[in-house]
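Q: Structure below; questions to follow.
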Amino acid sequence: MVAWNSKELTVGQLAERSGVAVSALHFYETKGLISSRRTAGNQRRYHRDTLRRVAFIRLSQRLGIPLATIGDALSELPDGRTPNREDWARLSAAWRGELDDRIEQLQRLRDDLTDCIGCGCLSLDRCPVANPYDRLGEEGPGARRMDTRLSPPKVCCVSPSAPQPAER
């Protein structure tokens, strides 16, 4: 257990307290997300506030934020310091649109995966209603009804209750 008043942590202590594998910490360091100093014996020592930085990285990753985006955000902090409450509010506000889009996509996946997704297969009984004659294929490839970048919310598709088009 790490003493509460320790100003520096070994890589093992940082791994134990943060719940992140030593190899992941080394990876974060090679990517410039965290930093350490080396002792005379060439051992890594991390400032205790690296715990907050690692927690920020892990939480951001769990939200689906790519490491490159996390690195860009952390590089904006003065003197490479650890994000504080105001920093987190600013950074998370910048990511809000992307997160809202991901939430919408996950909700569509959860709710509509068993229905027609606009992929063009026309194999489900709902496809003739939601994507008659593979109309969505004219807009481009992929699952047109699922990808929020391709079909924004509330504009994406024919309503399941809409009348079917006349047979050709």
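Q: If only Cα atoms are counted, what is the Rg of segment 1-137, and what is its Dmax, in Å?
A: Cα radius of gyration and Dmax of segment 1-137 are 21.9, 72 Å respectively.
Q: Within 10 Å of each candidate Cβ there may be at most 16 other Cβ atoms; applying that plus a DSSP loop requirement, which trypsin sites (Lys or Arg not before Pro) in segment 29-113 survive?
A: Those satisfying the criteria are Lys31, Arg81.
Q: Name the residue, out of Asp115, Asp147, Asp125, whose mean-square fluctuation peaks in a Gaussian network model built on the chain with Cα pairs under 10 Å.
A: Greatest mean-square fluctuation among the candidates belongs to Asp125.
Q: Taking loop as defined by DSSP and a crowding limit of 13 other beta carbons within 10 Å, which GluC sites (Glu not before Pro) in segment 27-88 fit?
A: Listed in order of number, the matching sites are Glu76.
Q: Below 12 angstrom from the Cβ of Ile57, what's the summed charge of the other residues (Lys, Arg +1; Asp, Glu -1)?
A: Computed value for this residue: +4.
Q: Using only the Cα atoms, work out Rg/Rh for segment 76-126, with Rh taken as the Kirkwood radius, to two decimals.
A: Ratio value, two decimals: 1.34.
Q: Where the accessible area of the chain is counted over protein heavy atoms with a 1.4 Å probe, how much of it, in %, is carbon and sulfur?
A: Carbon-and-sulfur percentage of accessible area, whole number: 53.
Q: What whole-number value in Å² describes the accessible area per residue of segment 1-54 for a 1.4 Å probe?
A: 64 Å²
Q: Calculated from DSSP H runs of 4 or more alone, at -39500 (n - 2.57) each and per residue, what is the 222 nm mean residue ellipticity of the chain, nearest 500?
A: -13000 deg cm²/dmol
The values are calculated or read from the model by the stated rules, or taken from the named source; none is laboratory data. What you are looking at is a predicted structure, and each value in this text was computed from that prediction instead of being measured. FYI the Cβ positions are ideal-geometry reconstructions off the backbone, even for glycines, and counts take in every protein chain you see. Surface accessibility is based on the protein's heavy atoms, side chains included, excluding ligands, DNA and RNA. Shrake-Rupley method; radii C 1.70, N 1.55, O 1.52, S 1.80 Å.
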